[in-house]
Every structure is written in C-alpha cells, then in structure tokens.
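Here is the structure we will look at.
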Amino acid sequence: MSQVLPPAPVAPQSARKRAAAWFAQHPSWGAVVLLGILFGIHLYTNRYHENRYDAQGYWELANKYWSTGGFELLSFDNILRGYLFPLIISPFTLLTAYYGWEPINITRGFGLVTAVLLFGVVGPGLWRALRGPLAPAVPLGRRMVFGLLGFLMWRDYFNFALTDFPALLALLAGIWALLRHRRLVWGGLLAGIAVAAALNFRPVYAATLPLVLILCVWPRERPVTGGGWLGALHWVRGATFLFGVGLVLAPQLLINQAHFNSNSPLVLTAPPDSPNLYLSQVHGGLFIQKYETTVGVDYPTPSVVFRDATGDALATEAQLPPDMSFADYLAMAGHYPGPLLALWLRHLFNGLDLQYPTPYPQAIFVNTFALALTNYLVLITGLLVLVRLGWRRLAWSRVPAIIVLLILLGPCAATLPVVMECRFLMPLHLLLCAMVAFGAHPLRQWRAASLGRRAAGFTLYGLLVVGSFAVSASTQRQLEAKPRLLFKWQEPVPGSW
C-alpha cells in the first residue's frame, strides 16, 4: 500500500504581490488610494496660498450662515449663487474662526475628495453602468489613466472653493444611481438629491433636469404588451426622483421667498426686474471669445480678455442694441447664420483649448506647449473613439447612453454663445478624456491596421494638431493688453503696458 504524501507547502506571496492582487480585486479602492496620494501631495505642496475672486466669494457666503451669532438658514441672501455649496462648507468656516486654519487648506481637502471620487469611482462606475449590467468593473489601470488625464489638465482647480467639479460629480453620481439601481426606488431618490445638488451648484445644469427625468423612467428592456408591475415601478422611481429634487431645492425656495419675493426653487441669478445674467453673457460673447483670470504679475489686470473682432463686426452689421433681447439675438441668427455659427465654433475650440491647468494662472506669458499638445492629442483621440462607438447600430439598450450623452452636452451647448471659459466645457472635455481612458485600444488597433492605415492615421493626427495650434495661436494674438505668442519663432508684435 503506497503512502500518501502531504501536499507541498505553498510558498508565501511577497508583500508586493499581495498588494498587487488586492489592487486588482478592488480597483475602486485602489484608485482612491493612488489618486488620493497623487492629488494630495500636489494640492498641499503647490504655490497657491489663498482663495481668490469667485472662490473667496463662496467662502464668504459660507460665513453668512453664522452672521447672526448662530446658524440661520435664511441668513443666506445671495441671488447669484445657490445656497447648498456654501451650506456644505459653512461648518468648516468655524475652524478658521476658532482654530486659525487656513481656508485654502480646508478647500483643498474638499477638492481632494472630489477628485478621487470623480476619477476613481463615479466616472468609471458610470462607464460600467452604461455598458450593461454584466459588464466587468473598470480595471485599475484605466481608472488611473482617467485620473492622470484629469490631473495633468485640471489639477489646480481642486485647490479652490469652486462649484464646477462638485457640480459635475453630483450630476454624474445621480446618473450613475439611476443606471446602477434600475429596479430600485432608492435609485430615483438618490439621483434626485444628487441632480438637484448639481443644478443648485451650477444653475446651467437646470437644463438637464427633463432629460434626467426621462432617463429615470426609461426601462432597460423594451416593454411588453400590458406593462406589468415593472413598468409601474419606473414611474414610481420617477416620483421618488422628483421627491429627492424637492428635498434639495426646498431651502432655495424658502430663501427666494424670504429675500427676493419669488416662488422659484431655482437660483434666480438676477432680480425679476433686472437684466438677465445669461443674456448679458451672450451679448458679451459677441465681443469676447475667451476669458481667463490671473493672479500673476505679468499681466496688468486680473481679467485676461481675448477679443473677437469678427464678432464685434457682426454685432455692428446686425445693428444689435446694447440692451439686446433674446428676440434681437434670434433675429441676428436668422440673418447671419454662418458668421454666428463660426463664432460658436470659435467658442467651442477655445473652451476646450486648455492653456493652464488652473482657474487662476500665476503667469500668462509662459510656455504651455506640452500641455496644449497633450490636450490636442487627447481631444482628437477621444473624439475618434466617440465616433467609433456611436457608429454601431442603434438599439433599445443603447438609448440610455444617448440620453446620458445629451445630458452632458446640454450645459456645454448652452454656454457656447457666452463669454467662454474653459470650465464651461468641462463635461465635454472629461467625456473625451473618458473615451481615451476607457474606450481606446491603441495597441490592438495599431497591430490590426495596415501600413496604409497607419500612415493615414499619422497624417490625420498631424494635420489636426497643426490646425489646433494654428487656431489657438490666432486666439492668443487677440489678447487685449498684449498679444501672447505660443512659439518663440513667431513674429513679435509691438505693444506694452
């Protein structure tokens, strides 16, 4: 009778292998840890030391809640900003009052949390939800690519008390809640709370509300004859979505009633009898094609204005009055559709043309070639991936993805006529970054392509990159105080301050 030998002992894994296995099994947590380290080191070691301009304004609004000596909701009385973001940071203002903490060190913490959740969890989670209930989790590597793209191009936005990224995070989280919890009523409630927070942070997101409601009640599978309880559940989820929206917007309604004699639950942005803020921005967009705000000393004013001589000539030719109405603008669009479309396209390019990874550049006349080149390559690749994914046959299961695309593009389209800032097109920019991070397969496509297709691809990329630099250089030469030259070999233009 043969003797049974005991199994050979298994060699213990090294700490490095155990860590790699854990990160592979928990990509969300892995991304949170790694991106937290990356953003945390940068945010707490950079050269910004205080909130400025709009960021400082939000911090001061947060202090309003304590202006009576204790917390009071109706102490908030600002008509331009929503109540929620200042409310969220208001408890932390006490840390500056009682313990001497620097406000920017607190807002950096908010930015850090926003960054790791957006790039490491919510963005990849939404991508997975759009692919279907059986889609695998986005691996850690692709999450890190998404996070690194966000870091390279937007990293210093997370220093400040600004609502752009928190609003986008809330909107994406609301959409993710709807897609992830398709058959749960709780999905509607969570989505309503998140989406309402987004539109209170950034009033332009109010345009997304009808589309999100459609997504809320849209069934994953094609409904069968007779409906059934699953069909009814979609409408119940729609009702809970509206309930969640109401919960968040109810305080704004109370504030508007108390201070502005208005029964609107939305941010008013202007008194009822005053000029419309959006309309004034649209009017300014005819004369200014791009706008930055600097905190540096190499430019004479904080406002960095890029003029639009073509738009100025268009307004003059159309005899547009200074107190322009929407009817006046529409009449101009009817008479001059080509020039106005060209103006919008300039705004579109300028909004995507990131020259600085910060809302407050510390120097305007610096070399930004590397950032611009990276940005153009990412935008071109993302657009090609988006076109490739959209080329497939339309099916019922893909309608939610189309609705999500419209939700993200809607606020961007609404800002095309206004004085353009890069943060206005942030949803579109990050959408294209996500296409690169989650949908691109460069090695696979390179190996499958013929020599001719590879040459055509290089040629296409080269032409688009050169064209992008040419358009950007044209815009930069329109800088109001003194033209900014992208390259040293450009002909200097006389002018100084």
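The criterion of being over 17 Å from V471 (Cβ atoms) and buried (at least 19 other Cβ atoms within 10 Å of the Cβ) holds for P359.
Candidates in region 204-231 are the residues that are open to solvent by less than 50 Å² (accessible area, probe 1.4 Å), of a type outside the set (K, R) and more than 30 Å from R81 (Cβ to Cβ); of these, the one that is modelled with the highest pLDDT is V217. Would you mind stating whether V305 is in contact with a Lys or Arg (Cβ under 9 Å, 6 or more places away or on another chain) and either surrounded by 13 or more Cβ atoms within 10 Å (Cβ to Cβ) or not in a helix (DSSP H, G or I) (or both)? Judged against the criteria, V305 is a match. Within region 264-279, being under 19 Å from F76 (Cβ atoms) and either modelled with pLDDT of 90 or more or surrounded by 13 or more Cβ atoms within 10 Å (Cβ to Cβ) (or both) holds for S264, P265, L266, V267, L268, T269, A270, L277. Of all residues being open to solvent by less than 30 Å² (accessible area, probe 1.4 Å) and of a type in the set (A, V, I, L, M) in region 138-152, which is farthest from V116 (Cα to Cα)? Just the residue, please. Among residues in region 138-152 that are open to solvent by less than 30 Å² (accessible area, probe 1.4 Å) and of a type in the set (A, V, I, L, M), the one farthest from V116 (Cα to Cα) is V138. Remark: L384 matches the filter, which requires a residue to be under 22 Å from the mean Cα position of the chain (by Cα), over 30 Å from N51 (Cβ atoms) and at pLDDT below 95.
Taking region 280-298 as the range and being open to solvent by less than 20 Å² (accessible area, probe 1.4 Å), touching a helix residue (DSSP H, G or I) at 6+ places or on another chain (Cβ under 7 Å) and not in a strand (DSSP E or B) as the test, the residues that pass are V282, G285, L286.
Residues checked against (1) farther than 26 Å from A372 by Cβ; (2) not in a helix (DSSP H, G or I):
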{"position": "V116", "(1), (2)": "yes, no"}
{"position": "P124", "(1), (2)": "yes, no"}
{"position": "L130", "(1), (2)": "yes, no"}
{"position": "V138", "(1), (2)": "yes, yes"}
{"position": "R142", "(1), (2)": "no, no"}
{"position": "L168", "(1), (2)": "no, no"}
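Looking only at residues that are at pLDDT 90 or above and among the small types (G, A, S) in region 98-115, which one is farthest from L169 (Cα to Cα)? Once the filter is applied, the top-ranked residue is G109.
Scanning region 387-422 for residues that are in a helix (DSSP H, G or I), modelled with pLDDT of 90 or more and open to solvent by less than 50 Å² (accessible area, probe 1.4 Å) yields a total of 10.
In region 313-356, the residue that is modelled with the highest pLDDT out of those that are open to solvent by 70 Å² or more (accessible area, probe 1.4 Å) and of a type in the set (D, E) is E317. Each residue in region 26-74 was checked for being under 30 Å from N261 (Cβ atoms), in a helix (DSSP H, G or I) and either among the aromatic types (F, W, Y) or open to solvent by 80 Å² or more (accessible area, probe 1.4 Å) (or both), and 4 pass. Could you look through region 166-200, keep only residues that are under 12 Å from the mean Cα position of the chain (by Cα) and open to solvent by 10 Å² or more (accessible area, probe 1.4 Å), and pick out the one that is nearest to V399 (Cα to Cα)? Only one residue tops the list, namely L172. Of the residues examined, R108 is one that is closer than 21 Å to T45 by Cα and either buried (at least 16 other Cβ atoms within 10 Å of the Cβ) or among the aromatic types (F, W, Y) (or both).
Among the residues making up region 451-466, those that are over 22 Å from T374 (Cβ atoms) and open to solvent by 60 Å² or more (accessible area, probe 1.4 Å) are L451, R453.
Return only the number of the condition from (1) surrounded by 22 or more Cβ atoms within 10 Å (Cβ to Cβ); (2) in a loop (DSSP other than H, G, I, E, B) that M426 does not satisfy. Single failed check for M426: (2). Among the residues making up region 79-88, a single one is over 19 Å from the mean Cα position of the chain (by Cα), crowded, with 18+ Cβ neighbours inside 10 Å and part of a loop (DSSP other than H, G, I, E, B): Y83. Does N261 satisfy being of a type in the set (S, T, N, Q), in contact with a helix residue (DSSP H, G or I) (Cβ under 7 Å, 6 or more places away or on another chain) and either surrounded by 15 or more Cβ atoms within 10 Å (Cβ to Cβ) or more than 30 Å from W186 (Cα to Cα) (or both)? Here the answer is no, as N261 does not meet what is asked.
Entry remark, region 309-349: residues being under 26 Å from G467 (Cα atoms), touching a residue at least 12 places away in the same chain (Cβ under 8 Å) and in a helix (DSSP H, G or I) number 14 in total. Output the residues belonging to region 268-285 that are hydrophobic (A, V, I, L, M, F, W, C) and more than 13 Å from D323 (Cβ to Cβ). Hits for region 268-285 are L268, A270, L277. Screening L126, L134 for residues that are among the aliphatic types (A, V, I, L, M), over 17 Å from L425 (Cα atoms) and open to solvent by 40 Å² or more (accessible area, probe 1.4 Å) leaves exactly one candidate, L134.
The condition (being more than 28 Å from Q362 (Cβ to Cβ) and among the small types (G, A, S)) is satisfied by just one residue among G147, G111, G141: G141.
The values are calculated or read from the model by the stated rules, or taken from the named source; none is laboratory data. Please read these numbers as outputs of a predicted model, since none were measured by experiment. So basically every Cβ, Gly included, is an ideal-geometry build from the backbone, and we count neighbours across all protein chains shown. With ligands, DNA and RNA removed, areas are computed over all heavy atoms of the protein, side chains included. Shrake-Rupley method; radii C 1.70, N 1.55, O 1.52, S 1.80 Å.
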